Amino acid sequence: MKYVIVLGDGMADRPIDEIGGKTPIEYADTPTLDMLSKISEVGLVHTIPEGMSPGSDTANLSVLGYDPKKYYTGRSPLEALSIGVDMKETDVAIRCNIVTVSDDDKPYEEKTIIDHSSSEISTEDAAVLLEAVRKELENYEFKYYVGTSYRHLTIWDKGEVVSLTPPHDILGKTIGEYLPTESKLKEMMKKSYDILANHPINVERVKKGLNPANSIWFWGAGTKPCVNSFEEKNGKKGAMISAVDLLKGIAVGAQMKNINVEGADGTLETNYEGKAQAAIDVLTKEGYDFVYVHVEAPDEMGHQGSVERKVKAISYLDTKVIKTIYEGLKASGEDFRMLVLPDHPTPICIRTHSSESVPYLLYDSTNEVSSTLDYSEKCAEISGIYIAEGHTIIDHLFEK
């Protein structure tokens, strides 16, 4: 038996008036999910433990079977694993986003945060900008490391795990009350605006109608992670396919194979088909038992507040990933179980994550059930099937 999780980051949502009171999952063109839902189990799972923030970090750990209350030490330490930073026990890792704040004459504290991703800036452009910041601000205490797109890393030697606000939680708000209370972090953020505001890359971005990547933003502080081997824990040889350092870092900690797919960049136009084919290949040609296919695009579109683009991301996930994997594994003759779900909702109305339970679909090629339900938030609730502890859903997939 082969096992697959297809995770559409943040694709769950709330009813939206402009699409007839439907959610993006309900509204999107999803012929594969429509077909599979009639022969699969559909239910609800709660991925965010009570009292924890609804982040992709805690939620994906949960879906992979790692109870966040036991294994979570912060988001950035997981990304540090992916980037290849060997953290000391006394290090604190901090996510260093390159964001867009309002380009006006107001003091830094009075600026507004416009875009947490700087128009989904390319890694190449972001690396140049981060190097400009590094030259001015790096010292023995703070080191900067390039990640992917707008997502980068700062390591604070002998640092503190201080409370920091995620930028995607305060889009459109004045930043003053959300800046770090730790003076060194706050000062570096303020100085970064002076370094980046008129950088040649940002001058060109503005000419092209793109948001300038004009400030760094610190959040997600944490200490060295403690994730253990996925194979030892589950008896399954596992692989990860994702464009983002968070998921790659979880895979490093879990000693899973990381598969890098050319053109997979976490955007709406990511290489969906390449991810799907890589999943088929690792299961059918390389002897792996389990693959986790993570697609970032629905979450990014939710943060952007774009109904149209979120619907499109879900449709792409259906026709380019789920369909390809389903048909490829069917053609291979392998028996398989496939779990499709989000990690958390990213509702368009709030443009950030929320903690509601999410719908899942579980297909078993050896046991096609009969159902009248569609795959959606509403139908998952109607099903009456509810998994209260998200970290146990992988046991359900593996039939433990």
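Every read-out reported here was derived from the displayed coordinates using simple, explicitly stated rules and does not represent laboratory data. If you're wondering where the values come from, they're calculated on a predicted model, not measured in any experiment. No Cβ is skipped: glycine too gets one built from the backbone with ideal geometry, and neighbour counts run over all protein chains shown.
Just a few scattered comments:
- Between Glu269 and Ser229, the modelled label-to-label distance comes to 4.3 nm, taking each label 7 Å out from Cα in the direction of the beta carbon.
- Order by protection proxy (mean Cβ within 10 Å, highest first), peptides 333-340, 300-307, 15-22: 300-307, 333-340, 15-22
- Of all DSSP-defined beta bridges confined to the chain, some 60% are antiparallel rather than parallel.
- Separation of the Asn260 and Lys191 label points, Cα + 7 Å toward Cβ, nm: 3.1 nm
- Potential lengthening of the chain between Val369 and Arg14 amounts to 125.0 nm, from the contour at 0.36 nm per residue minus the alpha-carbon distance.
- Ranked by the mean number of other Cβ atoms within 10 Å of their residues, highest first, the peptides 80-90, 242-252 fall in the order 242-252, 80-90.
- For the chain, the relative contact order is 33 percent, taking Cα pairs closer than 8 Å that sit 6 or more residues apart in sequence and dividing their mean separation by the residue count.
- Placing a label point 7 Å from the Cα of Glu399 along the Cα-to-Cβ direction, the residues of the range 348-390 with a backbone N closer than 19 Å are 361-371.
- Backbone N under 18 Å from the Val161 label point (7 Å along Cα→Cβ), restricted to the range 87-117: 87-96
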